[in-house]
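Please read the structure below before turning to the comments.
Throughout, read-outs are computed from the coordinates displayed, never taken from laboratory work. If you're wondering where the values come from, they're calculated on a predicted model, not measured in any experiment. Note: ideal-geometry Cβ built from the backbone for every residue, glycine included; neighbour counts use all protein chains shown.
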Amino acid sequence: MKIEILFPEISNIYGDLGNIMLLKKALPDAEFIETSLNTEPAFVKEEVDLVYLGSMTEKSQEKVIKQLLPYKEKIKEDIEVGKAMLFTGNSFEIFGQYIESDNGNKIEALRDFRYIFKKRNDE
């Protein structure tokens, strides 16, 4: 099993690296890939069994949106075919229409994912 951890250096706001430690203990034979920000995610060019993204600040969400935007269609395809993706805390918000900050500013998100999550939940 191959598990990709996206951007662990900025997606640990609520101790999400503890989730990774648990996964590593529970799956000692799994291969873990830790993809840093500004690096092409492994899931783009190779088979990955699980993609994990943890909680982050709004500023970090904006960086992640910019980083994942070129791979938006690949992410959609992977979700549609049932690839396992685990987004904890507020990380799933990057797939919505926008993220609204406390001061009312709106950060445009990856968009167009609402129908996929709704479809998966309706099944």
At 4 °C and 1.567 mPa s, the Stokes-Einstein diffusion coefficient in µm²/s for the range 1-55, with hydrodynamic radius from the Kirkwood sum on alpha carbon pairs, is 114 µm²/s
Between residue 36 and residue 97, the FRET efficiency computed from the C-beta separation at R0 = 30 Å comes out, to the nearest 0.05, as 0.65
Give me the net charge of residue 52's neighbourhood, meaning all other residues with Cβ under 9 Å from the Cβ of residue 52; Lys, Arg count +1, Asp, Glu -1. -2
For the chain, what is the mean residue ellipticity at 222 nm derived from helices alone (per DSSP H run of n ≥ 4: -39500 (n - 2.57); sum divided by total residues; nearest 500 deg cm²/dmol)? -9500 deg cm²/dmol
Per DSSP, the loop-located GluC sites (Glu not before Pro) within the range 1-64 having at most 14 other beta carbons within 10 Å are 9, 46, 47
Taking every alpha carbon pair in the range 1-92 and sorting the distances into 5 angstrom bins from 0 up to the bin holding the longest one, the percent per bin comes out as 3, 14, 26, 27, 20, 9, 1
